[in-house]
Structure formats: structure tokens, C-alpha cells
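Below you'll find the structure, written out as C-alpha cells, and then a few comments.
No value in this document is a laboratory result; all are computed from the given coordinates. Since the structure is predicted, the reported quantities are computational estimates derived from the model, not experimental observations. For neighbour counting, all protein chains shown are included, and Cβ atoms are generated from backbone atoms with ideal geometry for every residue, glycine included.
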């Protein structure tokens, strides 16, 4: 058996490039779809909870009670809604309010007299993600109310100030755009390779390759290289959108980010190749690509749910998923400006998974072609 021949692999790659140039659907899918999806979902996905409908039961009607209502409404998280005849609890039951604030008759009197005044905050707990976000807002609102309502007080023995590094304004888009890019680019790489090679099986052109001296590795390299370049171009467009449209900062090394992207692209393209060899049908390949590419990336990569908060079984399961490590690497490079030393584990995991996925694709290709 002859050794690997670069010219044969180049011939296959050139044929794929010609096919891509004649196929506007593939070009649109590779270059236009990532930009469109990142732009659309970048505006749509927002983890910040704002404009919550707050119903107030004010039995005090005093100045301090009105001041507290203003503090809630001016925070930007709550919007006061008029109370109807059913009361705040009925409004919570019907969904006309997300939270309710109850103020007792002597609220203003107790505060003016220097005593302890009580207020009850009731929150709709049917949406636990929203409830958790609101619970994070309450301490800041409570501290602001204590300073503005109680008046001059003796200075506390110490002052505790909170500072957020890497994302001072807690802009959720700075957090979601890098993760969203990883999901879209990974799914695109899987689908491009899976559909293209599966189409070769359906059209019978793969059998023509079998009658030539081309080796499986040469076929793989020739098929993966053009689509790898196409996906890399999609990453460049997504990068431009994230910087110019959403203002996401880039604090790390572009070369390090490029290396992470290349490792992730190799893993995703190899996964698509394995799917195409196993299914040999475009429709089935698309279904398998979406199931194995989209769902794990969305749910088990740390994009929505922190990996550290998952049960032990799923934490170990995420270790074999390239999106989990690319998500950590891309966010670390883009937001924190992390270097290779800090990202050694994600890079090592990406390298091992890429090599393993490429080896699995080569084994399956040899089994089917030889």
C-alpha cells in the first residue's frame, strides 16, 4: 500500500472546492447562517431579568412607604402595576404580577421613630430561574432602601464593596455571544461534513473513489480541509458581528483563540464524517447531526447551566464533549484574556478529543472503504 500522497488529497480537496462554488446553498449555510443566528439569538437571549411586574399593597400611605415603592421602580428590575380588586395574591395567581410587596399601616411611623419596620416581598416561584435572579437583586435594593429611608446613622465598622471583574456591568451578551458562537459553529461543521459525504454515498460517487488508488486518509483530508476553511471563514464573520454589533471585548490572544477554533473544528468535522459513514443518507445524517451536535452543546456545555452545578454523572459526561472545553477556552480568552497556562486543561482536552474523533473517523472509513 502506497504512503499518503498529498497530491491525491489536494485533488479531492479541489473537487470539493469546485462543488462548494457551484452550490450556493452550502455557501449560504456556511457563511450566512452563523451570522444570522448569532445576531438573532444574541438579541433574543438575555439572562438579565428586567421589567418584572410588581404589585404593591400599601396600607401605610406614608412618605416612607411611597419612597420604598420608588426605590423598587427606579432599580430598573421592577415595574409597578396598579392593584386591582382581587389584591396582589390574585394578581400573582393570574399572572398579572410577578411579585408583590406588602407594607403594614405603621411602616413610615416605625422608620421615622427609629424602630424596625417590616415589609413582606412575595415572589412567584414557578419560574425558578427568574426567582433566583430576583433574589440576587434584593440585597442591593434592600441596602439602598436602608440608606435612603433610615436617614443619618452611625457609620458601620467596615464598608464592603463589590466589584465585578472582566464584565463590570454584568452584560449578559458578553457571556452568551461567545457560547452561542461555539454552539452554532460546532453544529454547522457537523452538518456540512455529514450532509456532504452522505450525499456522495447516495449519489454513488463514493464507489468511484473506491476504484481509484486514493487511500481513506487522503479522502478524509481532502474532504475535511475545504469545509474546515469554510467554517473558519464563518468564525471570522461571527467574530466581526460580536465585536462590531454587540461590542463584546476581546482581551486575549487572537492566535490562541485561532488554535482553539482549529481544534474544535477538527473534532466537529470528524464527528460529521463518522455520522455520514454510519448513516449514508442525508436526511438521517441531518437528524443525527442535530441530535448529537445541538442538544449536548446547549445543555451540557455550560452555555446555560454551569457544569459545576450538574450531578456527578453529567459532570463526567461533559468531559467527552468538545463544546464544553471550547466554551471554557473561548470565554476565558475573550473575556478574561487567559493564556495557555490558565487554559492548559481545556486545550489538552480539545486536542485529545480532536485526535480521538479523527482516529475514529479514519477507522470507520477504512472499515467501509477497504
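According to the square roots a ≥ b ≥ c of the eigenvalues of the Cα gyration tensor, what is the shape class of the chain, taking rounded for a/c under 1.5, prolate for a/b larger than b/c otherwise, and oblate for the remainder?
Numbers: a/c = 3.36, a/b = 2.67, b/c = 1.26.
Prolate.
Comparing 229, 133, 349, which has the greatest mean-square fluctuation in the GNM of the chain with Cα pairs linked when under 10 Å apart?
133
Measure nothing fancy, just the Cα-based angle from helix 216-244's long axis to the longest principal axis of the chain, in degrees from 0 to 90, nearest 10.
Taking Cα atoms only, the helix is inclined about 30 degrees.
For the residues 212, 318, 39, what sequence is obtained by ranking on other C-beta atoms within 10 Å, fewest first? Let's see the in-between values first.
Values: 212 12, 318 19, 39 16.
Listed from fewest to most nearby Cβ atoms, that is 212, 39, 318.
Over segment 1-59, one equal point on each Cα, no solvent: what is log10 I(q)/I(0) by the Debye formula at q = 0.20 Å⁻¹?
Debye intensities relative to I(0), on a log10 scale: -0.88.
What does the helix-only formula give at 222 nm for the chain: each DSSP H stretch with n ≥ 4 adding -39500 (n - 2.57), the total divided by the residues, and the result rounded to the nearest 500 deg cm²/dmol? Each step should come with its number before you reach the end.
Details: 15 runs with 233 residues, N = 370.
Per the formula, -21000 deg cm²/dmol.
Once both axes come from the Cα atoms, what is the angle between helix 172-203 and the longest principal axis of the chain, in degrees from 0 to 90, rounded to 10?
With both axes taken from Cα atoms, the answer is about 30 degrees.
Along the Cα→Cβ direction, 7 angstrom out, place labels at residue 66 and residue 6. What is the inter-label distance in nm?
Inter-label distance under the simple model: 8.2 nm.
Taking the 0 to 90 degree range and rounding to the nearest ten, how far is the long axis of helix 254-279 tilted relative to the main principal axis of the chain, both from C-alpha atoms?
So the helix axis and the longest Cα principal axis differ by about 60 degrees.
For a test of the definition: using alpha carbon positions, the gyration tensor, and the 1.5 limit on a/c, classify segment 52-150 as rounded, prolate or oblate. Could the numbers behind the result be given before it?
Values: a/c = 2.11, a/b = 1.38, b/c = 1.54.
Taking the square roots of the gyration eigenvalues as a ≥ b ≥ c, segment 52-150 is oblate.
Set the Förster distance to 30 Å, then compute FRET efficiency between residue 164 and residue 84 from the Cβ-Cβ distance, nearest 0.05.
Numbers: r = 39 Å, r/R0 = 1.30.
So the FRET efficiency works out to roughly 0.15.
Under a GNM of the chain (C-alpha, springs under 10 Å), which listed residue has the highest mean-square fluctuation: 244, 147, 273?
147
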